[in-house]
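A short worksheet on the structure shown next.
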Amino acid sequence: MASSSQKSSKALHILQAVQTVDNIVKSITNKTIVDIKDDRLPIELKVSEESTTLRRAFLEEQTGFGLPVLTGKEPFSDLDKLEGNIENYIGMSQIPTGVIGPLRVIGSAAKGDFFVPLATSEGALVASYHRGAKACLLAGGATSVCLVEGVQRSPLFKFHNLGELGQFVVWILAQMDNFREITEQSSRFAKLEDMRTNIEGNHLILTFEFHTGDASGQNMVTICTDKICKYIIANTPIQPEMWFIEGNYSGDKKATSQSFMSVRGKKVTTEIFLPAEIIQGVLKTTARAMAEYWRSSTVGIIQSGAIGAQGHYANGLTALFIATGQDAACVAEAATGITRMEEKENGALYCSVTLPNLIVGTVGGGTGLPTQRECLELMECSGAGNARKFAEICGALVLAGELSIAAALSAGHFASAHQNLGRKK
């Protein structure tokens with residue numbers, strides 16, 4: 001992803017902040033590796049009341065959160081809490097929710113061990129991500145950093161000819177201070193960071209980029225952009241023939257070639273070094289096999305024409321988005337990214353994932369609904385001040401999933417895992 005000098009400076013500041021936790025990283029990675037057979041979380045492949053009760057008790061003991069609505073101890077009956085989230089309401093669609101972890105994360109905002117809730121009906125998914133999380137834990141944790149942030153809206157203006165368009169652009173470029181003031185008047189949290197222009201014939205697309213605080217921000221930027229556009233129409237000396245609040249250019253809820261040219265939401269990059277004994281003991285394969293699979297699969301995905309090169313970001317992100325009240329449709333853009341794997345000395349593996357389009361938030365939207373709030377609280381990510389932390393956990397989750405699926409495919413275990421866990425008996 002190319003960045004402006006201002007964005008690069010912000011990203012550098014965050015990377016330097018990560019260096020302040022270097023001693024934490026060293027103290028974790030220098031610990032004696034725990035027994036690879038040891039699992040803190042009570043796990044099971046088949047669902048039973050006994051193990052479910054044990055897991056709930058374990059999570060409450062470890063985190064202090066009992067998940068009363070999610071576990072059914074308290075009924076949900078306050079329909080007023082659904083205001084702004086649903087129309088023509090008839091009831092709840094229940095999706096099974098599992099948990100993985102602890103997933104150890106060392107980041108600029110997320111630091112510690114996290115139990116991550118995943119809502120899915122796909123058998124084998126939770127088990128796979130849990131295996132990857134275990135490998136990350138034993139290796140001392142995944143370093144995950146939220147680098148830059150920004151959410152866009154791209155209104156389109158149509159003019160009679162290029163001459164009129166050019167005069168309009170000259171006027172527009174002198175209005176940024178007014179646009180920032182309008183933004184501040186329209187939202188307590190939104191900040192207008194940038195405005196870019198794109199000309200195609202007599203069409204002009206203006207891309208407004210906002211910082212949206214701890215909200216995912218799609219509604220926020222729509223409202224602010226609408227106010228800016230109405231100011232433009234009321235004051236511009238050159239009236240467009242027509243205009244639309246979104247010219248289908250921002251990348252909202254779709255994977256586009258813009259993904260790696262600018263941030264949308266939050267850009268997160270995450271990495272880990274796995275020693276050979278963890279790869280062999282937990283992932284049941286070798287670094288060489290995983291790196292070779294990664295190289296071969298990357299050539300395959302290039303031929304397919306996909307945007308990015310990764311295994312299955314959408315699996316973990318969709319399950320986490322549903323559990324925590326994110327806009328699940330945003331997985332269409334959030335699941336673009338790049339996975340990289342390299343064999344290192346002594347049979348170790350380096351793996352990194354980069355996600356440039358994480359549209360996530362910890363306030364607003366569905367994050368305040370009862371079970372979704374409980375799932376965010378489980379990771380201590382509910383409410384203001386936690387969006388970057390949550391994004392870094394997302395990066396570590398995706399990394400865990402990439403490790404596990406690449407291990408299964410490189411060792412020939414992929415089909416048998418789905419045969420054993422993903423089918424009704």
Close pairs (7 angstrom Cβ cut-off, 6 or more residues apart or separate chains): touching a residue at least 12 places away in the same chain (Cβ under 8 Å) in the range 120-139, among the hydroxyl-bearing types (Ser, Thr, Tyr) and part of a helix (DSSP H, G or I) anywhere: 128/404; 129/404; 131/404; 132/404
Flag for residue 166 being small (Gly, Ala, Ser), free of Cβ contacts under 8 Å to residues at least 12 places away in the same chain, in a helix (DSSP H, G or I) and open to solvent by less than 40 Å² (accessible area, probe 1.4 Å): yes
Residues being open to solvent by 30 Å² or more (accessible area, probe 1.4 Å), farther than 21 Å from residue 126 by Cβ, in contact with a helix residue (DSSP H, G or I) (Cβ under 8 Å, 6 or more places away or on another chain) and not aliphatic (A, V, I, L, M) - total across the range 281-324: 6
Residue tally, condition outside any strand (DSSP E or B) and surrounded by 24 or more Cβ atoms within 10 Å (Cβ to Cβ), over the range 343-366: 4
Looking only at the range 199-226, and only at residues there that are outside any strand (DSSP E or B) and of a type in the set (A, V, I, L, M, F, W, C), the one that is surrounded by the most Cβ atoms within 10 Å (Cβ to Cβ): 221
Exclusive hit being at pLDDT below 95 and not hydroxyl-bearing (Ser, Thr, Tyr), set 201, 217: 217
Residues (open to solvent by less than 90 Å² (accessible area, probe 1.4 Å), free of Cβ contacts under 8 Å to residues at least 24 places away in the same chain and closer than 24 Å to residue 315 by Cα) located in the range 61-118: 71, 112
Residue in the range 141-156 that is modelled with pLDDT of 95 or more and in a helix (DSSP H, G or I) present: no
Test: residue in the range 385-402 that is more than 17 Å from the chain's Cα centre (by Cα), buried (at least 17 other Cβ atoms within 10 Å of the Cβ) and more than 18 Å from residue 107 (Cα to Cα): no
Test: residue 340 is assigned to a helix (DSSP H, G or I), free of Cβ contacts under 8 Å to residues at least 60 places away in the same chain and open to solvent by 10 Å² or more (accessible area, probe 1.4 Å): no
Filtered residues of the range 127-161 (kept if closer than 18 Å to residue 100 by Cβ, open to solvent by 20 Å² or more (accessible area, probe 1.4 Å) and of a type in the set (A, V, I, L, M, F, W, C)): 127, 137
Selected residue (criterion: nearest to residue 264 (Cα to Cα)) from residues of the range 185-229 that are among the charged types (D, E, K, R) and in contact with a helix residue (DSSP H, G or I) (Cβ under 9 Å, 6 or more places away or on another chain): 209
Residue that is open to solvent by 10 Å² or more (accessible area, probe 1.4 Å), basic (Lys, Arg) and in a strand (DSSP E or B), where the choices are 196, 188: 196
Conditions (1) in contact with a Phe, Trp or Tyr (Cβ under 6 Å, 6 or more places away or on another chain); (2) at pLDDT below 95; (3) closer than 30 Å to residue 148 by Cα; number of the one not met by residue 84: (1)
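The values are calculated or read from the model by the stated rules, or taken from the named source; none is laboratory data. Model, not experiment: these values are computed from the prediction. Don't worry about glycine lacking a Cβ; one is built from the backbone with ideal geometry, like all the others, and counts go over all protein chains shown. Calculation scope for accessible area: heavy atoms of the full protein, side chains included, ligands and nucleic acids excluded. Shrake-Rupley method; radii C 1.70, N 1.55, O 1.52, S 1.80 Å.
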